[in-house]
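Below: the structure, in structure tokens.
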């Protein structure tokens with residue numbers, strides 16, 4: 001069971017609320033100089049605990065559940081509104097799964113993290129002109145390849161020559 005800040009839980013269960021919860025996503029990889037940080041806000045940027053997150057990247061997160069008997073998988077979908085293709089270029093340049101850290105903060109107090117899910121692997125990444133989609137999970141993906149580096153006969157026919 002996760003412990004949440006009491007102000008957050010009180011606000012989350014109210015019928016009507018004026019408070020907005022903001023999701024923060026940080027994607028890191030050993031090959032990158034800096035992590036990719038985005039916030040689910042209409043503001044240009046959001047600063048939380050001295051770290052600046054880029055705003056105006058609408059995204060949806062399906063959080064992994066609390067499973068005791070195995071790995072739980074969630075999903076993240078980021079709308080691909082990046083004119084410089086910064087996020088997709090970084091993701092396409094790596095061969096191993098990046099790490100995702102998810103945080104939930106209140107707009108009125110972005111320095112208080114009410115929920116943190118850290119060190120999740122981002123796998124099964126799909127990038128198109130509309131969305132960047134990937135699965136997030138804690139375990140069970142140690143041997144999966146990311147992103148889209150699976151060899152199959154359709155994409156790599158030279159690797160699957162039949163013996164004559």
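A few points about this structure:
- Here the gap between residue 128 and residue 59, fully extended at 0.36 nm per residue and compared with their Cα-Cα distance, gives a gain of 23.4 nm.
- Pair residue 30, residue 111: separation of 7 Å Cα→Cβ label points (nm): 3.5
- Distance between the range 85-140 and the range 39-64 - C-alpha centres, whole angstrom: 11
Values in this text are rule-based calculations from the coordinates and carry no lab data. Quick caveat: nothing in here was measured; it's all calculated off a predicted structure. FYI the Cβ positions are ideal-geometry reconstructions off the backbone, even for glycines, and counts take in every protein chain you see.
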